[in-house]
1. Among (1) among the polar types (S, T, N, Q); (2) part of a loop (DSSP other than H, G, I, E, B); (3) crowded, with 16+ Cβ neighbours inside 10 Å, there is one condition S83 misses while meeting the rest; what is its number?
2. Which of the residues that make up segment 86-107 are open to solvent by 20 Å² or more (accessible area, probe 1.4 Å) and more than 23 Å from I283 (Cβ to Cβ)?
3. Residue by residue through segment 271-292, note down the ones that are open to solvent by less than 30 Å² (accessible area, probe 1.4 Å), part of a helix (DSSP H, G or I) and out of contact with any Cys (no Cβ under 9 Å at 6 or more places or on another chain).
4. So which residues in segment 122-140 are aliphatic (A, V, I, L, M) and more than 19 Å from M75 (Cβ to Cβ)?
5. Show the residue pairs that are 6+ apart or on different chains and have beta-carbon atoms under 7 Å apart, the first residue being within segment 40-52 and under 12 Å from I80 (Cα atoms), the second being among the hydroxyl-bearing types (S, T, Y).
6. Report, ordered by the first and then the second residue, all pairs with beta carbons closer than 8 Å, sequence separation of six or more or different chains, a first member in segment 24-35 that is in contact (Cβ under 8 Å) with a residue 40 or more places away in the chain, and a second member that is open to solvent by 50 Å² or more (accessible area, probe 1.4 Å) and part of a helix (DSSP H, G or I).
7. Answer with yes or no whether R171 is assigned to a helix (DSSP H, G or I) and more than 15 Å from V203 (Cβ to Cβ).
8. Evaluate segment 332-342: report whether one residue or more is surrounded by fewer than 17 Cβ atoms within 10 Å (Cβ to Cβ), in a helix (DSSP H, G or I) and out of contact with any Leu (no Cβ under 8 Å at 6 or more places or on another chain).
Amino acid sequence: MLYWLLYQKLFLYFRFFRVFRYVTFRCVFASLTALLIGLLIGPFVIDRLRQFQIGQYIREEGPQSHQKKGGTPTMGGILICISVLVPTLLWSDLTNPFVWLVIFATLAFAAIGFADDYIKVVHKRNQGLTSRQKLAFQFIASAVIAIALLVLRGEGIYNTRLVVPFIKNFRPDLIIGRLLLPHHVPYIWPLAFAPFVIFVMLVISFSSNAVNLTDGLDGLAIGCTIIAAGALTVLTYVSGHVVFSDYLELQRMPLVSELTIFCGSLVGASIGFLWYNAHPAEIFMGDVGSLALGGAIATVAVIVKQELLLPFIGGVFIMEALSVMLQVGSYKLRGGKRIFRMAPLHHHFELSGWSESKVITRFWIMALVFALLGLTTLKLR
């Protein structure tokens, strides 16, 4: 809205407002706006959550040191979503379809997390939606995103080809060519889009759950989100820049550069939330925050064609999710034997004698290393 007012309207009378056309300038302002919103309304949100007695219920099977955290206000993801979406609406070009797509992704996954958290609070337990219910809603939201991208592909502003790290000339298309399908059965043709839709569903849902699993220590998930969002800010900017995209041999998508505003807002909002979520936390993000963050990060990665860089951009999230999968698989296939002392991975290190602050700091360092490795692959093709 401010972009429309300051550049598209006032620029006609005051040439100074030309500066608001630049993505980098608006990204900085969006980030600062998100940070300011988070810091200013944070105490109000925390007080309100306390008044409504929306506190965290701690798993009995979790580390004993976490039992004292019971009752800490949760559902702080509401604060994150407000801090992200308001600056995005203020500083973005709202005629850009990709902006609305990431806004939808954020709100859709936040709604799923809100339902999960609400059930926990109402029933005063640590179990909200069942795993199947949660996954079903995530798949539905992800499928809507995939279909929207297919529509944009039809308009020529999106490409379904994968960008494979380290291999610049190998870009497989996730749309099956009609030549491979029987011509005499026209109703089978829509199946050509199935691989892309399924791929997007898996990527976004996995990312959303991975961030959710990482959210187990004060500041851990949000600190890693700051780093991942920072890397995505770089990726969205270079993907939409004519010089950088050509130099790095990326698929140039001019409209994608507007997502730099969203990613900048995500960085600012995450820093603002970390102010209150740092150890010892005054507020937890809850599923409304973790699912929204994971869904938003993955949606941006899918739009800028960097889905295969997610294991680097969100390296710690992937590690945490894989540790749970390996632990469950080992327990079922090896007759109750476990690989880790406890999953997700951060609990394993806690039970190994690391203090909570040490686990958090070292995981932040790993997240930074992963993100830097991911960015280096842009030229190593």
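The values are calculated or read from the model by the stated rules, or taken from the named source; none is laboratory data. Remember, it's a predicted structure, so these values are computed and weren't measured experimentally. So basically every Cβ, Gly included, is an ideal-geometry build from the backbone, and we count neighbours across all protein chains shown. Protein only, heavy atoms only, side chains kept; ligands, DNA and RNA dropped before computing areas. Shrake-Rupley method; radii C 1.70, N 1.55, O 1.52, S 1.80 Å.
1. For S83, the failing item is (2).
2. L89, L90, D93, L94, T95, P97, W100, F104
3. G272, F273, Y276, N277, G286, D287, S290, L291
4. Matches in segment 122-140: L135, A136, I140.
5. Here the result reads G42/Y276, each pair linking segment 40-52 to a residue that is among the hydroxyl-bearing types (S, T, Y).
6. T24/Y237; C27/Y237; T33/V86; A34/V86; L35/I271
7. no
8. yes
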